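Worksheet: one structure, shown below.
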Amino acid sequence: SVRCVSAEVFTNEYIQAVQHGRVDSFRRRYRRLALLCIDDVHFLAGKTATQVELLHTLDTIELGAARLVLASDERPHRIAELSKALSSRFVSGMVVQIDAPDPDLCDRLLREMSRRRGLSLTDQALASLREGRGRDWSAREIQGAMTRIQAAKALEAFAGETLGPDDVERILEG
C-alpha cells in the first residue's frame, strides 16, 4: 500500500480527523503503509501538532520497515519552525538535492508532458523550450510552462494544430 500526499493534505486530513473524532482512522490509514511519500514538507513549519503526529507516524512506519520519501524546497535544518526531532529524523535518511534536469532529460520531459497533454509541438519548439533564453528549468517549471502552453492553445487561435517555436515563445512571454 502506497500513499503520496502533500504536507498540506496530510495536515488537513489530520485536522479533520481531530475535529471529527477520527484520529484512530487517520492513524491506521497512514501507519499501515509500505511506502509513504510526502511532498512540500516545509509546509509543516509552525504546525506543532501536525509535526508531532507526523513524527509518531514516521516512528511507527519505520518500525514496520516501510519506506519513506519526503520532499521539500529546503534542507531539513533550514526549515524555520520545524521541530528538532522531526528535522533530525529527516536527516537520518538519505538527503539528496535534486538539480535541474540535464538537456537530455529535459527533452524527454518536454516530449512526454506534451504527449500526455495532447499538444503537438515541432522539434524546433521543443528545442526553443529547452534552450531558449538560457533556461535551466526544474521539472516543476517545465510542467508550469507546459500548462501555460496547453491553456493558451485552448484559449487562443493558432494557425495550425502544431505549435512552432514562435508560438511557444509568444505564449511564454505573455
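The values are calculated or read from the model by the stated rules, or taken from the named source; none is laboratory data. In this text, all values refer to a predicted model and were calculated from it rather than measured experimentally. Heads up, the Cβs are rebuilt from the backbone with ideal geometry, glycines too, and the neighbour counts pull from every protein chain shown. Please note that ligands, DNA and RNA were not included when accessible areas were found on the heavy atoms of the full protein model with its side chains. Shrake-Rupley method; radii C 1.70, N 1.55, O 1.52, S 1.80 Å.
Observations
- Cα-based values for the stretch 25-73, radius of gyration first and Dmax second, are 10.7, 30 Å.
- If R0 is 41 Å, the Cβ-Cβ spacing of Thr147 and Glu81 corresponds to a FRET efficiency of close to 0.85.
- Taking the chain and dividing mean pair separation by its residue count, relative contact order in percent (alpha carbons under 8 Å, at least six apart): 17 percent
- Given +1 at the Cβ of Lys and Arg, -1 at the Cβ of Asp and Glu and no other charges, the dipole of the chain around its Cα centre is 900 debye to the nearest 20.
- Residue-normalised accessible area of the stretch 20-62, given per residue in Å² at a 1.4 Å probe: 49 Å²
- Taking the empirical scaling 2.2 N^0.38 Å for compact globular proteins as reference, the stretch 1-54 has a Cα radius of gyration ratio of 1.07.
- Spacing of the modelled spin labels on Glu8 and Ala154, each 7 Å from Cα toward Cβ, amounts to 1.9 nm.
- Estimated [θ] at 222 nm from DSSP helical runs (n ≥ 4, -39500 (n - 2.57)) normalised by residues in the chain, nearest 500: -17000 deg cm²/dmol
- In the chain, the longest principal axis of the Cα atoms and the axis of helix 48-63 are about 80 degrees apart.
- Between 0 and 90°, nearest 10: helix 139-155 axis offset from the chain longest Cα axis: 50 degrees
- Distance (nanometres) between label positions extended 7 Å along Cα→Cβ at His20 and Ser88: 3.5 nm
- Amide H contacts under 5 Å for Leu70, placed H, 5+ residues apart: Ile38
- Figure legend: label point modelled 7 angstrom from the Cα of Ala71 along Cα→Cβ; residues of the stretch 1-38 with amide N under 18 Å from it are 2-11, 35-38.
- Amide H contacts of Ser138: none lie under 5 Å away among residues 5 or more positions distant or on a separate chain (H built 1.01 Å from N in the peptide plane; Pro and chain starts excluded).
- Solvent-accessible area, 1.4 Å probe, carbon plus sulfur percent, for the chain: 49 percent
- Most positive-pole-ward Cα, Ile142, Val9, Ile79, against dipole of the stretch 1-153 from beta carbon charges: Val9
- The chain - Kirkwood radius from inverse mean 1/r over Cα pairs (Å): 18.8 Å
- Spread over its residues, the convex hull of the C-alpha atoms of the stretch 72-145 is 119 Å³ per residue.
- Dipole of the stretch 50-174, positive direction: furthest Cα of Leu58, Gln97, Ala125, with charges on the beta-carbon: Leu58
- Taking Glu74, Glu141, Glu156 as the candidate residues, the one with maximal mean-square fluctuation in a Gaussian network model of the chain, Cα springs under 10 Å, is Glu156.
- Taking the chain, the Cys residues with no second Cys beta-carbon under 4.7 angstrom are Cys106.
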